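First the structure, in the form of structure tokens, and then the observations on it.
The values are calculated or read from the model by the stated rules, or taken from the named source; none is laboratory data. In this text, all values refer to a predicted model and were calculated from it rather than measured experimentally. Note that we place each Cβ from the backbone using ideal geometry, even for glycine, and neighbour counts take in every protein chain shown.
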Amino acid sequence: MSTEPTRRSLHQAPTAAEISQLHQEHAREVSDRAETAGRSILRMFGKKAFGVPGTLLGAVQIPETRTRFTRLGEWHFWWQAHLLDCAIDASLRAHREMDSATATTWFETAQAILRGIHTRNLGSWTNSYFDDMAWLALASGRLNALAEILNGRGLIQAQDAGRDLFVALSKGATTDLGGGMFWSTQKDFKNTPATAPAALAFARGAQVGRASALLNWLDTKLWDAERKVYLDGIKIRQDSEELESALYSYNQGPVLSALLEVAEAGGELNFEVNQRISDILDGIEQHFTATFEVSAVERVKVLSTHGDGDGGLFSGILARYLAQVALSEQVAEEVRSRAGALVVQSADILWEGRREFDPDLPLNEYGIDVREVRGEPTVLFSTDIVRHASETLGVGTPVQLSSQLQGWMLLESAARVLAASA
């Protein structure tokens, strides 16, 4: 009898156990990447609000080249709400992996960010923009839920924020133009950027009727059935309406989540939810994706990115809610698979195009390789997912927080999707 070990044919498919092992390894890698992204952002962008101890915010850019007057005048409220959301993601990821120490550290970081927002906003939770307030309402609600998970009780400051924010949001959801949410307190523009996250916030705040009404208004006024996307908004021009037909990727994201949560809560919608989710995904793939050439024989579809500024957040926000679709048992398996693939592939390609360095090593000392990493690595992400960071982040050019948060959001979203399938 032969004692030669069994050898697999080069063309033999991997076993189920081998595939499972690969999935688990990928999930661990992406989790580690998400942790690195979060730590990198805190290290490079983290600062105290007005120098107040116990607070944390993300600097708008590094290096800081703006004047003090400009810095004081530019308050990116909604960027900080997404920074808070990312810290919550990191804590939940660590909790999922039964790493209680890291989960607690990120929870404390999230609390510091919430205090930072309140401090920088001059002791108020609200401002003049209903979309900003909706994003913070979502993040503060998630922080309160995180506190219940980790400590068995909610967080008073998050509850205070939610109370004030929901009162303010209710003033933006009027019957003008037949419904919807105003963008700002000027009340001359109702749009998807405010209506979609507000609908999601109301759904999570047990105001399902109000959430359903907002989604039905979006369906009536801003759903483009031919292109399968939600348009930007409607401006009030004296006694007339003017449609703003621009397409923005992030507008589709919170609608997806709101549809899932309203449907689960039994809300009354004027359309079939699963078909609409499938249609939205079609629209996303058509209008908001790019093709990345991995090799001469392999190409993958990834989410398009939109530079820096506010656009630097767009695909990260969309990925957050695509991940929810990928994990929802309400959705058909084929739709879930497509949504999950978009998230994971986008996160993988963005990671491959990162710039990684050790900020503790001197850049101009003889014999030091700027690519060498001795301690904890710091990463910077490209503002264009299909181009390497070395091409998009010019030497000496400021790097903005928004595009780096997008990278973190993509990785946390991918980590969620992969954890469920590992």
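Worth a mention:
- Of all residues in the range 51-75 being surrounded by fewer than 12 Cβ atoms within 10 Å (Cβ to Cβ) and either assigned to a loop (DSSP other than H, G, I, E, B) or in contact (Cβ under 8 Å) with a residue 12 or more places away in the chain (or both), the one that is nearest to the chain's Cα centre (by Cα): 74
- Of the strands (runs of 3 or more DSSP E) that lie entirely inside the range 172-262, not one contains 3 or more residues that are polar (S, T, N, Q) and under 27 Å from residue 330 (Cα atoms).
- Residue count for the range 308-332, restricted to those that are over 17 Å from residue 412 (Cα atoms) and among the β-branched types (Val, Ile, Thr): 1.
- Test: residue in the range 242-249 that is within 16 Å of residue 214 (Cβ to Cβ) and touching a helix residue (DSSP H, G or I) at 6+ places or on another chain (Cβ under 7 Å): no
- When restricted to residues that are touching a Phe, Trp or Tyr at 6+ places or on another chain (Cβ under 9 Å) and either free of Cβ contacts under 8 Å to residues at least 40 places away in the same chain or surrounded by fewer than 19 Cβ atoms within 10 Å (Cβ to Cβ) (or both), the range 305-321 contains 2.
- Evaluating residue 384 against the criteria (1) closer than 13 Å to residue 307 by Cα; (2) among the acidic types (Asp, Glu); (3) not in a loop (DSSP other than H, G, I, E, B) leaves one unmet condition, (3).
- Per the conditions (1) touching a strand residue (DSSP E or B) at 6+ places or on another chain (Cβ under 7 Å); (2) modelled with pLDDT under 95; (3) not aromatic (Phe, Trp, Tyr), the sole criterion not satisfied by residue 210 is (2).
- Summed over the range 51-88, the residues that are closer than 20 Å to residue 138 by Cα, touching a Lys or Arg at 6+ places or on another chain (Cβ under 8 Å) and not polar (S, T, N, Q) give a count of 6.
- Condition met for residue 90 (in a helix (DSSP H, G or I), within 16 Å of the chain's Cα centre (by Cα), modelled with pLDDT of 95 or more and surrounded by 19 or more Cβ atoms within 10 Å (Cβ to Cβ)): yes
- Scanning the range 143-202 for residues that are among the β-branched types (Val, Ile, Thr) and either within 22 Å of the chain's Cα centre (by Cα) or crowded, with 24+ Cβ neighbours inside 10 Å (or both) gives 149, 192, 195.
- For residue 267: the one exception among (1) of a type outside the set (A, V, I, L, M, F, W, C); (2) touching a residue at least 60 places away in the same chain (Cβ under 8 Å); (3) over 26 Å from residue 185 (Cα atoms); (4) touching a His at 6+ places or on another chain (Cβ under 9 Å): (4)
- Residues of the range 247-306 that turn out to be of a type in the set (Phe, Trp, Tyr) and within 16 Å of the chain's Cα centre (by Cα), as a count: 3
- For the range 110-140, residues that are surrounded by 21 or more Cβ atoms within 10 Å (Cβ to Cβ) and within 15 Å of residue 82 (Cβ to Cβ) total 15.
- Residue count, the range 233-250 (criterion: under 18 Å from residue 130 (Cα atoms) and either at pLDDT below 95 or surrounded by 19 or more Cβ atoms within 10 Å (Cβ to Cβ) (or both)): 5
- Matching residues in the range 47-76 - criterion: being over 16 Å from residue 402 (Cα atoms) and β-branched (Val, Ile, Thr): 52, 55, 65, 67, 70
- Selection count, the range 368-383, where residues are surrounded by fewer than 19 Cβ atoms within 10 Å (Cβ to Cβ) and modelled with pLDDT of 85 or more: 1
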